[in-house]
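To keep things clear, I will list the structure first and then write my remarks on it.
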Amino acid sequence: MLTACTGQVSDQSAGDNPFFESYGTKFNVHPFDRIMPEHFEPAFAEAMTREKAEHLAIIENSEAPTFENTIAELDRAGELLGEVSAVFFGLTGSNTNEDLQAIRQRMAPLLSAHRDELSLDKRIFERVKTIYDARETLGLDAEQSYLLENMYKRYVRSGALLNDEDQTRLKEINQDLSKLRVSFGDNLLAETNGFKLVIDNEADLAGLPQSSIEPAVVAAEAADMAGKWVFTTHKPSMLPFLTYAENRDLRRQLFTAYTMRGNNGNEQDNTGIMAGIIELRVERAKLLGYGTYADYVLENRMAKTPERVYGLLDRLWAAAIPVAESEVVEMQKIIDREGGGFALEASDWWHYAEKVRKEKYELDDTELRPYFQLDQVRDGAFWVANQLYGLTFEPLADMPKPHPEAQVFEIKEADGSHCAVMYMDFHPRESKRGGAWCGGFRGQNRANGEEVDPIINLVCNFTRPSGDAPALLSLDEVETLFHEFGHALDVMCSNVTFRTTFRSADFSELPSQIMEHWAVDPTVMRHYAKHYQTGEAIPDALIEKITNSDHFNQGFATVEYLAASLLDMKYHTLTEATDLDVVAFETEYFNSIGLIPEIVSRYRSSYFGHIIGGYAAGYYGYIWCGVLDNDAFEAFTETSLFDQATAHKFRTAILERNGTADFMEMYLDFRGREPAIEPLLRKRGLL
Ligand SMILES: [Zn+2]
């Protein structure tokens, strides 16, 4: 809980800075309406000063180190920095502007230096180590033991055991990495916003549904090109174009612009930045005593070693390539039958896959969308959470919001007690980065003795309402909404003591991906998928088509994803990476593993934002979790869709404890056995 501490503020001019005052808001949410860009730098400065003072107090404590006076105090330290960072990085993700981006450029090296200064402080580490060495004798409970062991490991992994010279070098590397990461993200945003496919001949719109033409009209008006049509490399604009536009050359132009982002030899070129990042990571791993960066990262994950990751990826790759090849054959038949006279290229995939989908599964995106009105899909996700866990969702009016478009909900437990606040921000704009994610402005904990409730920020880039129609989602977008909502459930059901948790990319997609199963379950669909004009529930025949199309395009989806995962692993298992030419590197690598030319990796090096951030040697986590979520969902199909005992076990074994217990231990507590791979293979038609 943030309390008023204006007396300790060192910056005299900061008296009216909302971060230094009691927020005075409902549920103590952040006062977004009063937080201005100029508040961040003084707030960061003060927050770092406070955290240093808190660390100094721990160091100067004359009593012998104990769990309470050292580990628990460290966990409590840095609360203001947590608040400021959560708001700042939340806004730079979903509502950024030039001021915030300039601040981020300036803050990144300062924050990195601050973290290093604290984590490499030998006086703190001595105290932590003393407690760690005596851990067997302290009578700690499971949560305390997990915190102690992981906090100790975190110091070691941050370089606490290195000599002074190596620590100095490590700090330099961290500084450089933090700057490169920011530049990479800024370049990517500029490159994504920079390209516009301008159409001035109406005939070139042939094939496109009205729902994707209207946003192109709006985009043209916004770009001072009224009367024309503008398509962009943002996915809600690009994917319908690739799917429906009949003009093959224009499809190719748009797709090429997408796949060349960050690789155009201009000021926003990311290839050198990626090479620099990989090289620094190799050096960092060696400095810390690991063979490769992947060894360093995976030690803390459910997978534990690169070998186990490759074990899964290679097995899936071998199963998926022949399926993708058969999909190419199927699409080529359509091209030939239509007298196309060309061989399928990567940019053709969406267009001909849609034809296969219509022919073979009779599933037509434009037929589905009217049943997937955004607000109803959202309420469908709420309903599933209610059926499983008894949670309820009520809109909150008059709340400060991270962006005016955001919706706000209060979540309550079955007994009516307050559980969480959640913002939902659904549509794309230039101030928002691409993709969908579930962030948080505050996590649940009771580190100070009183319960702190979560504040969640769910952000998407979904199709906007157009004309008189509300926002109508694609099936993919429906699944994405349930997915991100699963992350939100993970946060709202959290039931932990400490602020510090240790989540992992190869486990945290279990709570999100398992929700995708409910999204397309017939019972659930009948509940939320109602025609936006007639109110009629989705017909059984359409549901059956969706179920039948489970295996549709799975060769492509699996290969496209695995290529990126394997590239991530390849980079991070390098033992040398001097003067890397990343474009040549990825080309050579993809050739060596037999990636077919009709598929471009889901991410190429110049726009692989995941591995710049927290998913380095971690992009595999989605399919690792795919094994987990398919196996875990079978616990419900073996009983019933909303089986209360199974739901209770999932909540208490996994959602409540995520980040505070060993991953396999949590899974075993839920399922009673280790996860099996077969449910995933079955689901994707790869058996
Ligand atoms: Zn996710």
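Structure above, values below:
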| item | result |
| --- | --- |
| Residues that are under 14 Å from Pro428 (Cβ atoms) and either within 15 Å of the ligand (Cβ to nearest atom) or not assigned by TED's automatic domain parsing to the domain that holds Asp521 (or both), drawn from region 463-480 | Glu477, Thr480 |
| Selection within region 484-496 - outside any loop (DSSP other than H, G, I, E, B) and either more than 16 Å from the ligand (Cβ to nearest atom) or closer than 11 Å to Gly659 by Cβ (or both) | Asp490, Val491 |
| Positions within region 500-559 being modelled with pLDDT of 95 or more and of a type in the set (Gly, Ala, Ser), in sequence order | Ser512, Ala519, Ala529, Gly535, Ala537, Gly555, Ala557 |
| Pairs with Cβ under 7 Å, 6+ apart, first in region 120-137 and closer than 13 Å to Leu74 by Cβ, second among the hydrophobic types (A, V, I, L, M, F, W, C) and outside any helix (DSSP H, G or I) | Phe125/Ala160 |
| Selection status of Leu542, away from the ligand (no atom under 16 Å from the Cβ) and not assigned by TED's automatic domain parsing to the domain that holds Gln373 | no |
| Of all residues in region 366-377 being touching a Ser or Thr at 6+ places or on another chain (Cβ under 9 Å) and part of a helix (DSSP H, G or I), the one that is farthest from Asp550 (Cα to Cα) | Leu374 |
| Some residue of region 48-57 being over 25 Å from Pro18 (Cα atoms) and modelled with pLDDT of 95 or more | yes |
| Matching helices (runs of 4 or more DSSP H) fully within region 594-685 where at least 1 residues are within 15 Å of the ligand (Cβ to nearest atom) | 609-612, 621-637 |
| Qualifying position, being loosely packed, with under 15 Cβ neighbours inside 10 Å and at pLDDT below 95, among Ala206, Ala223 | Ala223 |
| Scan of region 652-687 for residues that are of a type in the set (Ser, Thr, Tyr) and surrounded by fewer than 20 Cβ atoms within 10 Å (Cβ to Cβ), ordered by number | Thr652 |
| Some residue of region 590-605 being buried (at least 20 other Cβ atoms within 10 Å of the Cβ), in the same structural domain as Ala505 (by TED's automatic domain parsing) and either at pLDDT below 95 or among the hydrophobic types (A, V, I, L, M, F, W, C) (or both) | no |
| Pairs, first under 16 Å from Glu279 (Cβ atoms) in region 293-307, second assigned to a helix (DSSP H, G or I) and aromatic (Phe, Trp, Tyr), C-beta under 9 Å, six or more apart | Tyr293/Tyr571; Ala294/Tyr571 |
| Residue in region 223-238 that is aliphatic (A, V, I, L, M), assigned to a helix (DSSP H, G or I) and over 30 Å from Met107 (Cα atoms) present | yes |
| Yes/no for Arg357 being in contact with a Pro (Cβ under 7 Å, 6 or more places away or on another chain), more than 16 Å from the ligand (Cβ to nearest atom) and not small (Gly, Ala, Ser) | no |
| Residue within region 477-486 that is within 30 Å of Glu73 (Cβ to Cβ) and crowded, with 19+ Cβ neighbours inside 10 Å present | no |
| 1 or more residues modelled with pLDDT of 95 or more and within 23 Å of the chain's Cα centre (by Cα): qualifying helices (runs of 4 or more DSSP H) within region 290-365 | 293-298, 306-337 |
| Test for Leu641: is it farther than 16 Å from Ser504 by Cβ, modelled with pLDDT of 95 or more and outside the structural domain of Ser494 (by TED's automatic domain parsing) | no |
| Test for Cys460: is it within 16 Å of the ligand (Cβ to nearest atom), without any contact (Cβ under 8 Å) to a residue 40 or more places away in the chain and hydrophobic (A, V, I, L, M, F, W, C) | yes |
| Enumeration of residues in region 427-452 that are touching a Phe, Trp or Tyr at 6+ places or on another chain (Cβ under 9 Å) and either within 16 Å of the ligand (Cβ to nearest atom) or within 13 Å of Asp490 (Cα to Cα) (or both) | Ala436, Cys438, Gly439 |
| Those residues of region 453-469 which are out of contact with any Phe, Trp or Tyr (no Cβ under 6 Å at 6 or more places or on another chain) and either under 12 Å from Tyr423 (Cβ atoms) or assigned to a loop (DSSP other than H, G, I, E, B) (or both), in sequence order | Asp453, Pro454, Ile456, Leu458, Asn461, Thr463, Arg464, Pro465, Gly467, Asp468 |
| First in region 198-215 and under 14 Å from Ala471 (Cβ atoms), second anywhere and in a loop (DSSP other than H, G, I, E, B), Cβ under 6 Å, 6 or more apart | Glu214/Gly467 |
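This table checks each residue for (1) touching a helix residue (DSSP H, G or I) at 6+ places or on another chain (Cβ under 9 Å); (2) farther than 30 Å from Thr573 by Cα.
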| site | (1), (2) |
| --- | --- |
| Glu307 | no, no |
| Gly311 | no, no |
| Ile321 | yes, no |
| Ala346 | yes, no |
| Lys355 | yes, yes |
| Tyr361 | yes, yes |
| Val384 | yes, yes |
| His403 | yes, yes |
| Ala406 | yes, yes |
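Residues are listed down the side, and each one gets a yes or a no for (1) away from the ligand (no atom under 12 Å from the Cβ); (2) of a type outside the set (Lys, Arg); (3) in contact (Cβ under 8 Å) with a residue 40 or more places away in the chain; (4) part of a helix (DSSP H, G or I):
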| site | (1), (2), (3), (4) |
| --- | --- |
| Phe482 | no, yes, yes, yes |
| Phe498 | yes, yes, yes, no |
| Phe507 | no, yes, yes, no |
| Thr523 | yes, yes, yes, yes |
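The values are calculated or read from the model by the stated rules, or taken from the named source; none is laboratory data. Only a predicted model underlies this, so the values are computations on that prediction, with no experimental measurement involved. When we count neighbours, we look across all protein chains shown, and the Cβ atoms used for this are built from the backbone with ideal geometry, even at glycine.
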